[in-house]
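Below you'll find the structure, written out as structure tokens, and then a few comments.
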Amino acid sequence: MADTPCWTPDPAVAATTRMARLAERVRQRGVPITGYDDLWRWSVTEREAFWALLWDELAVLHSAEPTEVATPLLDSVRQVRWFTGARLNFAENLLQPDAPHDDTPRLVARDDAGRRVALTHAALCEQVGRLAAFLVAQCVGPGDRVAAFLPNREEAVIGMLAATRIGAVWSSCSPDFGRKGVLDRFGQIEPAVLFACDGYRYGGKEFDTRERVAEIAGALPSLKALVWVPVTGLATEGGVRWVDALACADPAPPFAQLPFDHPVYVMYSSGTTGVPKCIVHGAGGTLLQHGKEHVLHSDVRPGDRIAWYTTTGWMMWNWLVSGLAARATVVLVDGSPAHGPGGSEAGALWRIATEERLTHLGTSPKYLGACEKVGLEPRTEHDLGALRAVMSTGSPLPPDGFRWVARAVGDVQLASICGGTDILGCFMLGSPIDPVWPGEIQKRGLGMAVEAWDEHGRPVVGAKGELVCTAPFPSMPVGFWNDAGEAKYRAAYFAYPEGWPVDTRGVWRHGDWIEVTARGGVIVYGRADATLNPGGVRIGTAEIYEVVEAMPEVVDSLVVSQDWQDDTRVVLFVVPAAGVALDVALVDRIKREIRTQCTPRHVPAKILAVAEVPRTISGKKVELAVQRILRGEAVPNRDALANPAALDLYAGRPELAE
């Protein structure tokens, strides 16, 4: 544990934060609050009082008052229905159409080719209203799904706001997904409308997606309309042009007032054990969680300018866009973070931070590490005077990454955060009123009863354990799509290992290995499941297995993540068919197949031959055991394997050190 913080807040500034104001409101209730940890303890022990106070603090727009903050759900693993009786609209809370606004841009979209589009509040509201009218004209209404196959541009945000304005449910994928990856997701939710791009740009290159879009649309019989978004300007056939959808002459529909837990987003699990699970999130829970994380934990204030490097297929896109509710300007960055209009540019995100006067910049440990390795000194090369916070997620940020930001970026809060698609938010994140210690996430989130549990299901401090949340919270999924009896939901978060107490029911088991420190911070040591996470992009092993094992040259395979250069990389082991050598040509073909059928991010960094894949007695592959071996750790419970000697084939591989 580090002995010296790498950032300490200015006491005068800390006193002006909304976090400090909330602490004072709680003190006025007679609760002794001397710092963040006291506030956190109150928030998880008096959770109804906390979430009700947050509802007021965020001034959630609503048309009907809640009759009860937390109603018991005796027949559901969720345990609680939050804010029963409340009626609200997600898009209305983000747009805040009746609040005073000036001509300052509310939404800015940039790409690595130099394109910049800025929309004022009035322009954004007008386009959302027009597109919502178009959707209504397609007979889309509350509960219908609207899907997007789009890059991180303004059209994706406008589409989401238009859909949620009328109570439709939004779901999106980035355009580097292959046909199968998209249909594994959208095929389950049967969208009524698909917004799709003609292509996308990345790293100075253009990629044509028209054929893929046609195949995807043709495989979705539920579609009432396909709307083409012109990204590259390629000619398209069929469907409706974006400009024509926006030209709808019908009046803008009202903001549909719906229950607190009305579905707003369908997100997707990684697909580790098969077809991705469709995770349904509610409007109210998303608003409260994101509002808490923006306004309190990130100290986002009206007029601030925030950006996070993400794609539309990652939950950080949804998180970023909710910054509109904090009355911040949201800046979208599309393309490569290391490419600018003139070509290769390692510091592209820092240049954008300067040009857009960003107050908050979100990125990944991989990007921060790359900047350090090429010797960037953003504080001397760019004007970062407006920047107050650098945020990082996707994988644990090592202590040296914290120190580099303090040294090379400047006097900014480094907020490493950790949560997941499952909760559409964070379990652990920053606190603007507390110091930042190298390698340590500052605090557990308000209202999140996070603990580290050992193998006996006991909470531990100062030791590694599994991340659990012992009490319900509003951004728990409202359900999984087509999950009768909550069987998938229960298996995903409420299945417990042997040795844990029998009275564990209702404890959310998240699957990260963490340590809660004596000073209330959290150190994350990685995932406890087999999800791959290179560069902060969640990848399911099953998606790779399906491609590789369909090749006649491969009889079996195992894919794992390996800690590598302040990030993780994907390593694929294959068992070649009899008489087949894993030569350069076969390796190249495996990579090509994975790139084509999945995404470029799925392509393994290493592909190695192995004689056997370790399996449990029931026949399941044991990725976690191999990941332990690659980290130099012992594998417990080898007797649970059908072929435990196979584990020895993965130890001491020299190829994994390069």
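General remarks:
- For a paramagnetic label modelled on E237 (point 7 Å from Cα along Cα→Cβ), amide N atoms under 18 Å away belong, within the range 196-215, to 197-199, 208-215.
- The range 201-333, accessible area per residue, ligands and nucleic acids excluded (1.4 Å, Å²): 35
- One quarter of the surface of the convex hull around the alpha-carbon atoms of the chain equals 28.7 nm², the direction-averaged projected area.
- For V461 and E211, a Förster radius of 56 Å and the Cβ-Cβ distance give a FRET efficiency of 0.55, rounded to the nearest 0.05.
- Accessible-area value, E546, 1.4 Å probe, nucleic acids and ligands omitted, Å²: 100
- Heavy atoms of R21: accessible area, 1.4 Å probe, square angstrom to 10: 120
- Measuring against 31 Å, Cα to Cα, the residue pairs K224/K277; K205/K292; K180/K292; K224/K488; K366/K488; K373/K621 contain K205/K292; K180/K292; K366/K488; K373/K621 as the ones spanning a longer distance.
- Rounded to the nearest 10 Å², the accessible area of T4 at probe 1.4 Å: 100
- Label zone of A122 (point 7 Å out along Cα→Cβ, amide N under 20 Å): in the range 319-335 this covers 327-330.
- DSSP assigns beta bridges within the chain; of those with both partners inside it, close to 60 percent run antiparallel.
- Gained length - D244 relative to E498, 0.36 nm times residue gap less alpha-carbon distance: 85.6 nm
- Part-to-part distance (alpha-carbon centres) for the range 272-324 and the range 58-110, which is given in Å: 14
- FRET efficiency estimate (nearest 0.05) - Cβ-Cβ, D10 to D400, R0 30 angstrom: 0.75
- The distance between label points at A578 and T71 comes to 6.4 nm (points 7 Å beyond Cα on the Cα→Cβ vector).
- Virtual spin-label span in nm between A52 and R301, 7 Å along Cα→Cβ: 3.1
- Compared with the direct C-alpha span, the chain from K606 to Q28 gains 202.3 nm at full extension, assuming 0.36 nm per residue.
- Cα gyration tensor of the range 132-177 - equivalent ellipsoid semi-axes, whole Å, descending: 19, 10, 8
- FRET efficiency for the E190 to R505 pair, using the beta carbon distance and R₀ = 45 Å, is estimated at 0.85.
- Listed by chain and number, the lysines placed with their C-alpha closer than 21 angstrom to that of K464 are K443; residues fewer than eight positions away on the same chain are left out.
- Mean separation of Cα contacts under 8 Å, 6 or more apart, over the residue count of the range 89-223: relative contact order %: 23
- Under the simplified labelling scheme, the A137-E345 pair shows an inter-label distance of 3.9 nm, with each label point 7 Å from Cα along Cα→Cβ.
- Kirkwood-based shape ratio for the range 160-229, expressed as Rg/Rh from alpha carbons: 0.97
- In a fully extended conformation the segment linking E658 and Q257 would gain 138.7 nm over its present Cα-Cα distance, using 0.36 nm per residue.
- Remark: relative contact order (the chain) = 13 percent; criterion is Cα-Cα distance under 8 angstrom and separation of 6 or more residues.
- The chain - percent of accessible surface contributed by carbon and sulfur, probe 1.4 Å: 52
The values are calculated or read from the model by the stated rules, or taken from the named source; none is laboratory data. All values reported here derive from a predicted model rather than from experimental measurement. So basically every Cβ, Gly included, is an ideal-geometry build from the backbone, and we count neighbours across all protein chains shown. Calculation scope for accessible area: heavy atoms of the full protein, side chains included, ligands and nucleic acids excluded. Shrake-Rupley method; radii C 1.70, N 1.55, O 1.52, S 1.80 Å.
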